[in-house]
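Undergrad: Structure provided below as structure tokens; questions to follow.
Nothing in this text is a laboratory measurement; each read-out follows from the coordinates by a stated rule. Since the model is a prediction, treat every value here as computed from it, not as a measurement. Cβ sites come from the backbone with ideal geometry, for glycine too, and all protein chains shown count toward neighbours.
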Amino acid sequence: MPVSAASTQPPVYDVVGVGNALVDVISHADDGFIHQYELVKGSMTLIDTERAIYLYKALGSAVEMSGGSAANTMTGVASFGGRAAYIGKVSDDELGNVFGHDLRAVGVQFRPGAPADDTPTGRCIIVVTPDAERTMNTYLGVSSLLCPADIDQATVAAGKVLYMEGYLYDRPEAKEAFRLAASVAHAHGRQVSLTLSDSFCVDRHRDDFRSLVTDEVDILFGNSDELLSLYQVESLDEAVARVQRDCHLAVITVGAKGCYIVSRNDVLTAPAEDVDQVLDTTGAGDLFAAGFLYGYTRDLPLDECAKLGAIAAAEVISHVGPRPLVELRSLLS
């Protein structure tokens, strides 16, 4: 597995993200709405175009904001004061415009792939009930059609670290786009990172992910469930030992217990930040990666990188929504 040599060109960006470009459409409703539209409360369900349009119209008033795992991470990097860019695919429609505007407004450079005339921008329709439960119906739309031609190679080459989300990895063209982006990054002396995204995602792509981790990935992000799924073992210690052999650096979160920082020669642990009340864990892993990468691209010690990740994760789980409500840089002492 290659670890990038130093580039002769200074990076323009700290982190460049590649992922599913989705707009979060968030509405508050009671349980009657859940039953009327036959939603599965508290779950995430993938839906088709017709269902997405139907539910979107049924919501009435809603808050619309750019979302998606890697986009959340890039927003976090920018909130710390870092330089971030994002590559994702949206269509030339209302929600596509919302996505691009939101990212640019928080300081993230957006490089959209070519739109598709007949496929709308992806969206995650989120219904929040009075008990704070979030019911999600996700329409991937054009975001899932990302292909090698959509990868802005100049942007990838200009980022110190490339960050890719596993959620995007379902189609052959997306796999090709991953490999292309990684090869461009390494050819320019940059590092490549991957987030495993979800244990179900790992289940679908285990062999491909293992190959990526061994051959292409310099920094792996995941949680304990995802790592256990990746190696199909029951012991976290065994999974950590396996990833230590495969990957230059892996950062594995274990919820309120903090994280493991696994390098070739050492395994460190770092604590989580205390939170008075956890309201919504959505985006916790995304923001943890943001803080870690912000520190990593500034050559901070790994335990300090983990502390920044913990600060960002603690902020986002203390309120509803996957993006920070305050500038993360303001939380640094």
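Undergrad: Looking at Arg83, Arg123, which one is among the charged types (D, E, K, R) and crowded, with 24+ Cβ neighbours inside 10 Å?
TA: Arg123
Undergrad: Where residues in region 86-102 are out of contact with any helix residue (DSSP H, G or I) (no Cβ under 6 Å at 6 or more places or on another chain) and of a type in the set (D, E, K, R), which of them is surrounded by the most Cβ atoms within 10 Å (Cβ to Cβ)?
TA: Of everything passing the filter in region 86-102, Asp102 is surrounded by the most Cβ atoms within 10 Å (Cβ to Cβ).
Undergrad: If you don't mind, another one. Among the residues of region 90-108, which ones are touching a strand residue (DSSP E or B) at 6+ places or on another chain (Cβ under 8 Å) and of a type in the set (Val, Ile, Thr)?
TA: Listed by number, the residues that qualify are Val90, Val98, Val108.
Undergrad: Looking at Ala70, Ala29 in this structure, which one is of a type in the set (A, V, I, L, M, F, W, C) and in contact with a Gly (Cβ under 7 Å, 6 or more places away or on another chain)?
TA: Working: Ala29 fails: in contact with a Gly (Cβ under 7 Å, 6 or more places away or on another chain).
The conditions single out Ala70.
Undergrad: Residue pairs, Cβ under 8 Å, 6 or more apart or interchain, first in region 199-228 and within 22 Å of Val161 (Cβ to Cβ), second outside any helix (DSSP H, G or I) and of a type in the set (Asp, Glu). List them.
TA: Hits for this filter: His205/Asp170; Glu226/Asp198.
Undergrad: Considering region 247-300 alone, what residues qualify as being among the basic types (Lys, Arg) and more than 17 Å from Ser318 (Cα to Cα)? Before you say what the answer is, go through the steps one by one.
TA: Here is the first cut: in region 247-300, the ones among the basic types (Lys, Arg) are 257, 264, 298.
Residues satisfying the conditions are Arg264, Arg298.
Let's see how each residue does on (1) out of contact with any helix residue (DSSP H, G or I) (no Cβ under 7 Å at 6 or more places or on another chain); (2) surrounded by 24 or more Cβ atoms within 10 Å (Cβ to Cβ); (3) not in a helix (DSSP H, G or I):
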site: Val278; (1), (2), (3): no, no, yes
site: Leu287; (1), (2), (3): no, yes, no
site: Gly295; (1), (2), (3): no, no, no
site: Val316; (1), (2), (3): no, yes, no
site: Arg323; (1), (2), (3): no, no, yes
